[in-house]
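Asks: Can you keep this structure in mind? I'll have questions shortly.
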């Protein structure tokens, strides 16, 4: 056993220092893509299954209870759908503002960094800016209103 450890230590002496960084990054990448991401995906799918099961069970119990239970179940479904649509529209507003800010900051940054001469790519900042404007315009004016 001691001979094996000595042999491994002698083998490590000939390896350049940059190899340690490469080994660290490769092990980290493998652990991220092979272990962590599938594990998080599996945990999230289990959570969604539980939520759907409990929601369906609650709806079933409400519908089976009385005549008022069915009305309450329908009202609950409508309220959940309304809250979901509000959340989506608010997310689009926030995403539009973030894209608009990134576009403006990129425009200013590239203009200062590379100058304003012809051929300067500072107008690339307009791309995320216009995407943000489109998201905001949709969320504010074109999306169906939430009742």
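Taken together, the values in this text are just the output of simple stated rules run on the coordinates, not laboratory data. Note that the structure is predicted; figures quoted are calculated from it, not measured. Neighbour counts run over all protein chains shown; Cβ positions are idealised from the backbone, glycine included.
Asks: Relative contact order of the chain, please, whole-number percent, based on alpha carbon pairs below 8 angstrom and at least 6 residues apart.
Replies: It comes to 18 percent, rounded to a whole number.
Asks: Starting from the Cα gyration tensor of region 32-115, take the square roots of the eigenvalues, sort them a ≥ b ≥ c, and report rounded, prolate or oblate (rounded when a/c is under 1.5, otherwise prolate if a/b is larger than b/c, else oblate).
Replies: Details: a/c = 11.61, a/b = 1.91, b/c = 6.07.
Oblate, since a/c reaches 1.5 and b/c is not below a/b.
Asks: Classify the chain as rounded, prolate or oblate from the Cα gyration tensor: take a ≥ b ≥ c as the square roots of its eigenvalues, call it rounded if a/c is under 1.5, otherwise prolate when a/b beats b/c and oblate if not. Working shown, then result.
Replies: Numbers: a/c = 7.69, a/b = 1.29, b/c = 5.95.
Oblate.
Asks: Compute the acute angle (0 to 90°) between the alpha-carbon long axis of helix 18-31 and the principal axis of greatest extent of the alpha-carbon atoms of the chain; round to the nearest 10°.
Replies: 30
Asks: Can you grab the distance from the C-alpha centre of region 27-47 to the C-alpha centre of region 66-121, Å, no decimals?
Replies: Comparing the Cα centres of region 27-47 and region 66-121, I get a distance of 27 Å.
Asks: For a Förster distance of 41 Å, can you work out the FRET efficiency between the beta-carbons of residue 56 and residue 24, rounded to the nearest 0.05? Don't skip to the end; give the middle numbers.
Replies: Numbers: r = 47 Å, r/R0 = 1.14.
For residue 56 and residue 24, the calculated efficiency is 0.30.
Asks: Quick one: which of 20-26, 68-74 comes out on top by average Cβ neighbours within 10 Å, and what's the full order, highest first?
Replies: Details: 20-26: 10.3, 68-74: 13.7.
Per-residue mean Cβ counts within 10 Å order the peptides as 68-74, 20-26.
Asks: Given Cα pairs under 8 Å that are at least 6 residues apart, what percent is the relative contact order of region 55-140? It would help to have the intermediate numbers written out before the result.
Replies: Details: 77 pairs, mean separation 24.5, N = 86.
Relative contact order here is 28 percent.
Asks: At q = 0.16, 0.25 Å⁻¹, what is the base-10 log of I(q)/I(0) for region 84-147 according to the Debye formula with one equal point scatterer per Cα and no solvent? Please give it to two decimals.
Replies: Each listed q maps to, in turn, -0.55, -0.91.
Asks: So what's the angle, to the nearest 10 degrees on a 0 to 90 scale, between helix 67-114 and the longest Cα principal axis of the chain?
Replies: So the inclination is approximately 40 degrees.
Asks: In a GNM of the chain with a 10 Å cut-off on Cα contacts, which of 94, 131, 37 has the highest mean-square fluctuation?
Replies: Fluctuation is largest for 37.
Asks: By how many degrees, between 0 and 90 and to the nearest 10, does the Cα long axis of helix 2-13 differ from the longest principal axis of the chain?
Replies: 90
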